[in-house]
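The values are calculated or read from the model by the stated rules, or taken from the named source; none is laboratory data. Predicted model, so just to flag it, every value in this text is computed and none were measured. Here the Cβ is made from the backbone with ideal geometry for all residues, glycine too, and neighbour counts use every protein chain on show.
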Amino acid sequence: MADLVMIHSRDPDFYMLMSHILAASGFRTLPADELAAVLTAPLPEIAAILVDTSDNIDQFTRFCAEVKAHGLTAHLPVAALIRARHEESYLHLLKAGIDEGFVRPVSPERILAYLHGLAGTIRKSGQQGSPAQAERYFGDIEIDLQTRVVRSEQGSVHLSPIAFRLLRRLLKTPGHVVSRAELIEAAWPGNSHVSARTVDVHIANLRRDMAATTERTSIRTVRSSGYIAVIGNQ
């Protein structure tokens, strides 16, 4: 069965065009006019929610926040297509919980590559697991490389793709400062539109998720330098 992408847009022409592009690449699509539409869709089949923003950014940030606040949909990846000259909206959408943002115009290939990556993760997470799928790092902290779930004795959390890549980069060199430039290279490969402020917002979200999951790892800010992952009593 094809993977499902839900599209939140107030532009019928955009919805029809994007549906055609996605269908040609093997995806099914459904409109997501509001949260209720997402809840009535087959949730296990949803690869992502694609949000087409417009001048009324508040409307779209509310929708994203509702999706991320609901227990049944909080884990769904949300990607936003941000219209040109509205790049400042990216930070508002990040705070609302989006996992990825593309500034228009953007090539369909970039969006499709992102969606295929997510769909592949969903398929693999539904297969029988193997010891190689989970990578244990420090103490009770375990990171599942297929599902992006971080587990510890205290609990577990499902990370967004960007947060997952940020955490892996920080844990690659615990106790050592990782610059924002290094984090951008690790989490947004090939994306030249990422600002230091964008990194800060994602790190703040990652800190919140990790604090709810484990007391052994903290992410500290090193002023004017970057961030450092501190494990246990380091």
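Residues that are hydroxyl-bearing (Ser, Thr, Tyr), crowded, with 18+ Cβ neighbours inside 10 Å and more than 19 Å from ASN205 (Cα to Cα) do not occur anywhere in region 55-66. Going residue by residue through region 81-89, is there one that turns out to be at pLDDT below 75, buried (at least 18 other Cβ atoms within 10 Å of the Cβ) and at negative phi? Scanning region 81-89, I find at least one residue that is at pLDDT below 75, buried (at least 18 other Cβ atoms within 10 Å of the Cβ) and at negative phi, so the answer is yes. Residues in region 25-48 that are loosely packed, with under 15 Cβ neighbours inside 10 Å and among the hydrophobic types (A, V, I, L, M, F, W, C) were compared, and the one that is modelled with the lowest pLDDT is LEU43.
Got a sec? Which of GLU142, GLU135 is of a type in the set (D, E, K, R), over 20 Å from VAL78 (Cα atoms) and at pLDDT below 70? Answer to the check: GLU135.
So which residues in region 11-24 are touching a residue at least 60 places away in the same chain (Cβ under 8 Å) and crowded, with 17+ Cβ neighbours inside 10 Å? The answer is LEU22, and nothing else. Whether a residue is modelled with pLDDT of 90 or more and either within 19 Å of the chain's Cα centre (by Cα) or surrounded by fewer than 21 Cβ atoms within 10 Å (Cβ to Cβ) (or both) was assessed, and VAL51 passes this test. Take the conditions (1) touching a Gly at 6+ places or on another chain (Cβ under 8 Å); (2) touching a residue at least 40 places away in the same chain (Cβ under 8 Å); (3) farther than 21 Å from ALA204 by Cα; ALA48 misses just one of them, which is (1). Please verify whether region 63-74 includes one or more residues that are touching a Ser or Thr at 6+ places or on another chain (Cβ under 6 Å) and not basic (Lys, Arg). Yes, region 63-74 contains at least one residue that is touching a Ser or Thr at 6+ places or on another chain (Cβ under 6 Å) and not basic (Lys, Arg).
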